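Structure first, then comments.
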Amino acid sequence: MKSPMALGVTLLVLALPTAISSNAIANKSTPTQPQQTQAAIVWERSGGIAGICQRLTLRSSAAYVLEDCRKQTVVSRGNLPESDRVQLKKLLLKQYGQFQWQSSNQGADMFSDRYTLNGRGSQKPTLSEQAALNKYLTQLAGQLASQAQS
């Protein structure tokens, strides 16, 4: 009679191909999640004398969440104003593809900015366009934070 360990290994070896093929079939037939659930843009600013950390997550549906990632709290959430929705859809749906950007100089305030854009377009923005987009996202985060405080 075989030992319990040998019996267990034998069962595992026999069951493994079935489990792998069942999983492969399950993964093949599982529909992918819609683009609406993926973050379209994730922008972060950290550093400064006070040691801040802000994260703005924008969805392609124009829903947003602004977080204080240092305190791990939500500062504001909702839907973007119409003018910002138009800008977001232009960048994501028609113009830019996926890319990441990070600030190269920290300046006197020692802030470090970075963002990831998950666009569906085909263009890659120039370095100046990437910096301009960071400026826009910085202003948007400030505007959303101010609205939350009022």
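The table that follows gives values for the structure above.
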item	result
At 1.002 mPa s and 20 °C, Stokes diffusion of the range 44-102 via Kirkwood alpha-carbon radius, µm² per second	166 µm²/s
Accessible surface ranking that places the most exposed of 68, 109 first, with a 1.4 angstrom probe	109, 68
Neighbourhood charge, 13 Å Cβ-Cβ cut-off, centred on residue 67 and excluding it, Lys, Arg +1 and Asp, Glu -1	+3
Contour minus Cα-Cα distance for residue 127 and residue 69 (0.36 nm per residue)	18.2 nm
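The values are calculated or read from the model by the stated rules, or taken from the named source; none is laboratory data. Since the model is a prediction, treat every value here as computed from it, not as a measurement. Cβ atoms come from the backbone with ideal geometry, glycine included; neighbour counts cover every protein chain shown. Accessible surface areas use protein heavy atoms only, side chains included; no ligands, DNA or RNA. Shrake-Rupley method; radii C 1.70, N 1.55, O 1.52, S 1.80 Å.
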